[in-house]
1. Given the residues B:Val160, B:Val167, which is the only one that is touching a Leu at 6+ places or on another chain (Cβ under 6 Å), surrounded by 18 or more Cβ atoms within 10 Å (Cβ to Cβ) and in contact (Cβ under 8 Å) with a residue 24 or more places away in the chain?
2. Out of all the residues in the stretch A:203-262, which are touching a residue at least 40 places away in the same chain (Cβ under 8 Å) and basic (Lys, Arg)?
3. Could you check the stretch A:578-591 and list, in sequence order, the residues that are surrounded by 10 or more Cβ atoms within 10 Å (Cβ to Cβ) and not hydrophobic (A, V, I, L, M, F, W, C)?
4. Say whether the condition of being assigned by TED's automatic domain parsing to the domain that holds A:Leu557, modelled with pLDDT of 90 or more and assigned to a strand (DSSP E or B) is met by at least one residue in the stretch A:587-594.
5. Of all residues in the stretch A:24-44, which are farther than 13 Å from A:Gly329 by Cβ and part of a helix (DSSP H, G or I)?
6. Give just the number: which of (1) facing another protein chain (nearest Cβ under 9 Å); (2) surrounded by fewer than 21 Cβ atoms within 10 Å (Cβ to Cβ); (3) part of a helix (DSSP H, G or I) does B:Ile196 not satisfy?
7. Got a sec? Which of A:Ala391, A:Ala482, A:Ala387 is surrounded by 21 or more Cβ atoms within 10 Å (Cβ to Cβ), in contact (Cβ under 8 Å) with a residue 40 or more places away in the chain, out of contact with any Asp or Glu (no Cβ under 8 Å at 6 or more places or on another chain) and not in a loop (DSSP other than H, G, I, E, B)?
8. Please go through the stretch B:173-193 and give me each residue that is assigned to a loop (DSSP other than H, G, I, E, B) and facing another protein chain (nearest Cβ under 9 Å), ordered by number.
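The values are calculated or read from the model by the stated rules, or taken from the named source; none is laboratory data. None of the values given here were measured: they were computed from a predicted structure. Every residue, glycine as well, gets a Cβ built from its backbone with ideal geometry; the counts of neighbours run over all protein chains shown.
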Amino acid sequence: MAVSDLEGLLILTLVGLVCTALAARTRLNAGLLPLPVLAGSAAWLTVCGMLGVLRPGGWALLAAGTAYVLFELLAARDPGALPDAGQSRFDMNSRRMARAFLDAPALGLFLLCGAGIWLLLMAQKPMFLRWDEFSFWGTACRMTKDNHMLHPGAPGNLTARSYPPAMMVLTYLFQFFGEGFSEWKCLAAYDILALAAFAAFAAFPAKRWHLAVIGMLGAGLLPYFFLAPGDSQAATVYLNAMGDIYLGLVFGGALCLYFRTKGARAGLVCVGLALVCLTFVKDMGFAYALLAAALIALDRFLAVEKPGLRSFGCASASGIGLAVPVLAGFAAWSRYVLAASGIDKGAGVGAEGSQVGYGYMLTDGVLQFLGRGGETHAEKFAQVKAAMFAALTGTPLCLVGGTLTAAVLCLGVLALAFGLAWPGAERRRAACLAAGGLGAFAVFWLFHLLLYVYSFSAKEAALLKDYDRYIAPYLMGWLLAALCVLGLCGENGRRWKAAQAASGLGVLALAAVVALWGLPAQGFWNVNQSNYAIRQDVAARAQLLADDLSWDDTVLLISQGDDATRWYYYCYELNAVMGYGWGGDGYKEGDNHWVSTFMNLVYPDSDPRELELYAYQSEYPDQALCDEEDLTLFLREKQYDYILLDQSDKYIRYGLADLFTEQAPLECIDAAYLYRIVDDGGEYVRLEPAGEVRYAP
Amino acid sequence: MLRKLTDRPVARTGLLYLAMATLYLLACLIGLAQGAYYTFRGLAPGRTLAIEDLTCESVVVRDHSYDESIPEGEVRIVSTDTDPHLVWEGEAWVGRVVLHIRQLRPATGAELYYRVPGKTEFDTKNVVFGVPDGQGGYVFDLRGKRVTGLRIDPDSIGGVAAVFEGVELNAARPWYKAFQPTGRELLWLAGGPLLISAAWELLRGLRKTPAH
């Protein structure tokens with residue numbers, strides 16, 4: 001164990017101290033504050049990153065946090081308040097902070113659970129495994145840490161450079177001091193953000209500490225609840241660098257912050273920070289943040305003692321006040337991405353060649369829904385619409401059913417809260433969240449329908465690709481907020497006993513459902529180390545090539561038998577640009593071929609004698625029928641610098657022999673071999689061994 | 001006095017932690033005693049199973065007689081799909097199993113399923129994941145279970161050739177491992193007493209007369 005392995009605990013301690021100091025100053029429950037503190041840190045680091053001063057910004061953040069804590073410990077609070085005789089100002093202030101800490105069991109639980117998860121993952125050292133962790137999330141985190149800059153402008157193999165950086169800068173904060181990037185620290189940082197959202201949900205006062213404990217458990221089980229029964233993804237909950245769950249949790253956490261602070265000014269600042277952070281989690285976070293602002297505005301309009309013109313004005317001001325930083329953040333990020341990487345986020349949606357602007361998408365989409373849209377997308381729209389409606393009940397989204405079931409569950413919780421709350425403002429709160437949440441969900445659902453039609457390919461749209469991953473986070477956040485409203489009834493409601501009993505039974509029922517149908521055999525508590533053998537193999541091979549390659553080089557990976565897994569792993573590990581391959585029937589003029597990430601080169605002809613020799617190739621996924629001429633044509637067009645032969649076979653050695661200046665290996669057991677692509681205008685390109693590691697026949 | 005203690009949340013939670021730790025230690029000691037008993041009765045065999053002792057499913061076995069490039073005396077197995085099984089049928093008390101193997105290409109997902117008395121099938125609830133032993137093999141720690149069969153899945157990707165050197169039942173295990181909690185047990189030890197105490201407080205509060 002290195003000392004730097006404990007750096008996250010240092011950051012966690014500082015977060016705890018800052019929350020305690022802020023609580024003592026603002027008189028907010030300290031358990032509410034980890035989320036805005038982390039969100040504010042992410043927003044600050046994002047701004048610093050956009051200005052090109054990420055690392056100095058990090059130091060400034062840590063220094064400011066430390067300075068603030070010292071200030072609260074040493075400064076006089078009230079000009080007239082003097083310490084008692086024999087008591088120093090430090091004693092007085094530290095007692096005040098201690099009281100603020102003890103009054104907020106959720107903060108203590110956040111810190112304990114955060115430290116616990118850090119130590120658990122430190123002992124087990126989990127690694128990234130899912131493809132999207134390599135195509136964007138994990139790779140972007142690594143690029144941010146390795147280069148001390150935001151990922152759009154940093155060297156690396158990313159398929160989505162324009163995605164926002166909140167999760168990246170948060171992981172950067174939690175491994176600020178150490179050298180190099182740690183995947184387990186990244187996963188722990190993500191989990192700590194989730195715990196901050198849970199703490200906002202469970203921020204009961206000290207006399208209701210038991211509700212805080214039960215609340216943290218219930219909130220912690222929600223990501224398991226929002227998976228279909230038997231879903232293998234359950235094993236990756238809290239071990240996942242993808243941002244979808246965190247969209248829902250920060251969305252729900254922001255609403256919890258609002259409900260618990262009852263619209264106090266300090267509370268709205270906390271909510272504002274959370275919404276800005278939400279905007280920077282993922283592009284869809286922008287929509288989530290605006291929906292949250294709208295729900296809060298609705299609450300401030302109607303869930304008050306006397307709804308009327310005055311409350312409407314107040315609500316409008318709050319809504320605009322929350323929306324403006326969100327809009328500004330989104331706009332600033334779009335401009336930064338354009339400057340740093342040349343990607344125009346405002347260009348529209350869809351693949352190159354079939355892109356449409358956002359304005360067209362919205363207007364044509366609404367017209368299509370009303371049956372009056374243009375011919376171009378009419379058929380696809382009808383198909384996707386039918387599929388989305390069918391998915392409301394047909395696609396499992398949680399352990400007890402589909403989208404409709406989850407929505408009914410949220411409404412049921414709010415109906416219960418309505419019945420248990422005091423008449424008037426409190427009941428209107430529950431009703432507003434029910435009606436507003438449902439309306440917001442309808443908008444959210446419709447927006448996703450439009451994205452499937454205008455942004456996804458026909459094949460992916462027909463399958464409603466990743467439907468559960470996109471839709472479930474909203475419902476999870478909405479349910480978290482609904483349970484928070486119910487929890488407030490348990491604290492101060494008209495029938496607080498019934499509310500507490502309902503909360504307790506609810507968590508018990510949730511735990512039972514998760515235990516029976518949703519708990520995986522493996523999870524963050526027992527990471528399966530044997531899952532990382534291929535990752536470790538690719539990492540070791542890439543490490544051997546580190547000195548031979550640079551980010552100016554483009555490498556085409558040949559790994560016979562690969563299904564893209566090793567390609568994605570190399571994208572993450574190799575310090576060179578990964579070239580795209582192709583799949584299809586050949587690369588000569590008239591042949592049908594398409595762009596692919598990985599490629600399996602297979603024997604193209606139908607000579608039965610040769611087919612017998614290469615019959616095993618029929619097992620390869622996604623093949624490219626490729627002879628020497630095809631590969632030459634492809635490499636000449638692409639102008640790649642190297643081929644990396646990660647896994648060979650008989651066809652590479654014998655079938656493509658004329659390309660290699662030295663005999664190619666039959667298999668690559670311990671290393672991958674680099675070949676420089678040399679084109680001197682001959683019949684074929686030549687592949688010359690390059691690099692330190694060479695194949696010895 | 002106990003009632004006074006249980007009425008105070010901090011004292012009650014402390015008592016529950018103490019109780020949980022005691023119960024856990026007792027469970028570990030009982031496990032050790034069980035192991036000693038089964039070993040004494042000869043029901044905890046420490047032996048290495050050869051390939052002939054196992055039933056191979058989706059696994060082909062190759063040796064020198066099949067392929068002369070394989071050294072004499074060496075046994076190789078190749079998984080033919082993504083769900084290969086090496087199955088042992090027999091009754092025993094099993095503590096630790098080591099799969100002595102050298103896979104010729106990296107593979108993931110080494111798992112051991114154990115069948116308990118009364119069951120006829122292997123169950124995903126009774127699974128232990130392999131921990132690499134640093135020599136290519138995998139260690140499966142069952143921590144003392146009475147089994148009627150074992151099923152080892154050496155990989156989950158298929159097409160993986162490996163040099164098979166045996167399955168060691170009841171391999172030597174450091175004594176302190178008997179007290180090392182699994183991840184799930186650790187979560188229960190760390191959080192269980194606090195949760196029970198919170199539930200206790202909730203029920204206590206609901207039973208009290210309204211003084212809100």
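1. B:Val167
2. A:Arg208, A:Arg260, listed by residue number.
3. A:Gly579, A:Tyr580, A:Gly581, A:Gly583, A:Gly584, A:Asp585, A:Gly586, A:Tyr587, A:Lys588, A:Asp591
4. Within the stretch A:587-594 (the criterion being assigned by TED's automatic domain parsing to the domain that holds A:Leu557, modelled with pLDDT of 90 or more and assigned to a strand (DSSP E or B)), the answer is yes, since at least one residue qualifies.
5. A:Ala24, A:Arg25, A:Thr26, A:Ala30, A:Gly31, A:Leu32, A:Pro34, A:Leu35, A:Pro36, A:Val37, A:Leu38, A:Ser41
6. All conditions pass for B:Ile196, except number (1).
7. None of the others qualify; the one that does is A:Ala482.
8. Once the filter is applied, which keeps residues that are assigned to a loop (DSSP other than H, G, I, E, B) and facing another protein chain (nearest Cβ under 9 Å), the stretch B:173-193 yields only B:Thr182.
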